[in-house]
2 protein chains.
Amino acid sequence: MEDWAQRILSGDVRAMARAATAIENRTPQAVPLLKELFPHTGRALILGITGPPGAGKSTLADQLARSLRGENISIAIIAVDPSSPFSGGAILGDRIRMQGHHGDAGVFIRSMATRGHMGGLARGTLEMALMLDAAGREVILIETVGVGQDEVEIARLADVTAVVLVPGMGDDIQAIKAGIMEIADLFVINKADQPGAARLEQELHAMLSIAPNSHGRQIPILKTVASEGQGIAEALAAMRAVKARVRRDGAQLWQLRLRELLRERLLDLFPPGDLEAAAREVAERRVDPYTVVEQWIARLAQ
Amino acid sequence: MEDWAQRILSGDVRAMARAATAIENRTPQAVPLLKELFPHTGRALILGITGPPGAGKSTLADQLARSLRGENISIAIIAVDPSSPFSGGAILGDRIRMQGHHGDAGVFIRSMATRGHMGGLARGTLEMALMLDAAGREVILIETVGVGQDEVEIARLADVTAVVLVPGMGDDIQAIKAGIMEIADLFVINKADQPGAARLEQELHAMLSIAPNSHGRQIPILKTVASEGQGIAEALAAMRAVKARVRRDGAQLWQLRLRELLRERLLDLFPPGDLEAAAREVAERRVDPYTVVEQWIARLAQ
């Protein structure tokens, strides 16, 4: 275990890949390993990239990766994909994303499937980011499909959260969920060469000026054409500027993360079969739900 | 306690009001009372009404209430409002909603404030519905503002979930979140006399025809002008038809509800101060989060 951790700390890519698999499969080795690695975390810049399907998040992440590699910065990309209902595996997968960076050890790419985890973000995304941070990756890009809860959860993981929008599909300001306003540290208007980009920008400005929860934050709006590499350097500079300005309170973030960890671990203590059986009894009114929960909690104390 | 429960079971409105307050304030009497009442639940038709702000949900709920009262059906309305950041109380409040039904004991109305409960639906909404069900209310309308997570949570509570949309604001199909598609048992196009209603209906039809998660469900689209009382009888008939057709699996619903109850109860075991202190230590890398969570769980077993 110590040897494995040492190899990760020295940046050994095979050891990292093995750790990523252990984390994703939740093998018994994952937690002891993460304990060893934890004191060495906290140095990476974690960038969250979210937005509606089709906004070009993957292309943007890819271009940001290129730009960072041009500065010789070591990076990792964690792509959180919705699970395929058929295979249970990630829909997009590593293969497509890998193509452009094949053979570059400075880019570590991993797709994670959401596996129906309530809340959306793949269980283990935090662990994956911590491991890559300990391994010395300087920038970690986390890309999530913005449907459901992922956008809110990503703000718990990332130092800087970029919300990617495109003209046309996100044209109507109503399309932007109330929740997204609270988590965006910056907006990226991608495909900014398409009609409607200027209108989208105006609407965003209008929305930001009246947003009740911006807390006086300045939220930059950037424009990119990721497929052509346009605006990438500026977007990256803006993300770094946000990081320098914002200095998120680590203790506050960790409070949210600890709650989440505690929640998952506690629910793990109850076998799903027990839950099913109890739910059936409750549905038939043979027992009330409060007694069930009290009995479970009492069982913990045995 | 038994006497209190008996009075609720006999439909005593004062006893119900006292129970509603106990549930909302989470007083120690609430859980023993709910245990007494639980065997008498499961008879009410619970209708969930959700949708974006401004869609006219309150007006629709009010008109449905009138229509049901016309059939001499006893009802309850639970309005889940976002908390006022200033008073902590519900923004809209009972007063406005009460006006039309003042003096009618067949309508029991209660507003609940969300109080920043993660996930949106007021803690205690399930409890409130169970109490009102035990009290013999035949139909319980639960109305939530559709921002954030409420729409998904309401599907856990309601027998039938209606998503209310309006032309113009919800004009662009992008405005409808992916999540809402999964929970809608039926759509209501309110303010259907306004321009854009036909287009919205077409877009909904198009969306439903390609929706990957409709599981072959037939999802009716109704049109109302709630402020004029138009289309209300049809909407109500459609909701009842859904209830008759769908027959939700109670055991499956209770599995979700039990998880939620368990989650809340378990987190209540940990004082917020401890969480804060631990988060600070973790943020400073003095301890790792896994050790913290393990220690907490071990403490439960003492």
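The values are calculated or read from the model by the stated rules, or taken from the named source; none is laboratory data. What you see is a predicted model, and the numbers here were worked out from it, not measured in a lab. Cβ atoms come from the backbone with ideal geometry, glycine included; neighbour counts cover every protein chain shown.
Points to keep in mind about this one:
- The criterion of being closer than 30 Å to A:Arg69 by Cβ, more than 10 Å from chain B (Cβ to nearest Cβ) and charged (D, E, K, R) holds for A:Arg240.
- Filtered residues of segment B:34-78 (kept if among the polar types (S, T, N, Q) and within 16 Å of the chain's Cα centre (by Cα)): B:Thr50, B:Ser58
- Within segment A:165-202, considering residues that are among the hydrophobic types (A, V, I, L, M, F, W, C) and modelled with pLDDT of 90 or more, the one surrounded by the most Cβ atoms within 10 Å (Cβ to Cβ): A:Val188
- When residues in segment A:243-257 are screened for being facing another protein chain (nearest Cβ under 7 Å), under 25 Å from A:Ala61 (Cβ atoms) and among the aliphatic types (A, V, I, L, M), 0 of them pass.
- Residues that are out of contact with any Lys or Arg (no Cβ under 6 Å at 6 or more places or on another chain), of a type in the set (A, V, I, L, M) and more than 8 Å from chain A (Cβ to nearest Cβ) do not occur anywhere in segment B:258-268.
- Subset of segment A:35-78 [away from every other protein chain (no Cβ under 12 Å), of a type in the set (Ser, Thr, Tyr) and part of a loop (DSSP other than H, G, I, E, B)]: A:Ser74
- Qualifying residue in segment A:14-29 (condition: assigned to a strand (DSSP E or B), in contact with a Lys or Arg (Cβ under 9 Å, 6 or more places away or on another chain), away from every other protein chain (no Cβ under 14 Å) and at pLDDT below 95): no
- Candidate set from segment B:245-279 (those that are closer than 18 Å to A:Arg257 by Cα and of a type in the set (A, V, I, L, M)); member that is modelled with the lowest pLDDT: B:Leu267
- Subset of segment A:221-279 [part of a helix (DSSP H, G or I), polar (S, T, N, Q) and crowded, with 18+ Cβ neighbours inside 10 Å]: A:Gln255
- For segment B:230-251, the condition of being of a type in the set (Gly, Ala, Ser), farther than 25 Å from A:Leu267 by Cβ and over 21 Å from the mean Cα position of the chain (by Cα) holds for at least one residue.
- Members of segment A:280-302 found to be in a loop (DSSP other than H, G, I, E, B), at pLDDT 85 or above and within 7 Å of chain B (Cβ to nearest Cβ), listed by number: A:Arg285, A:Asp288
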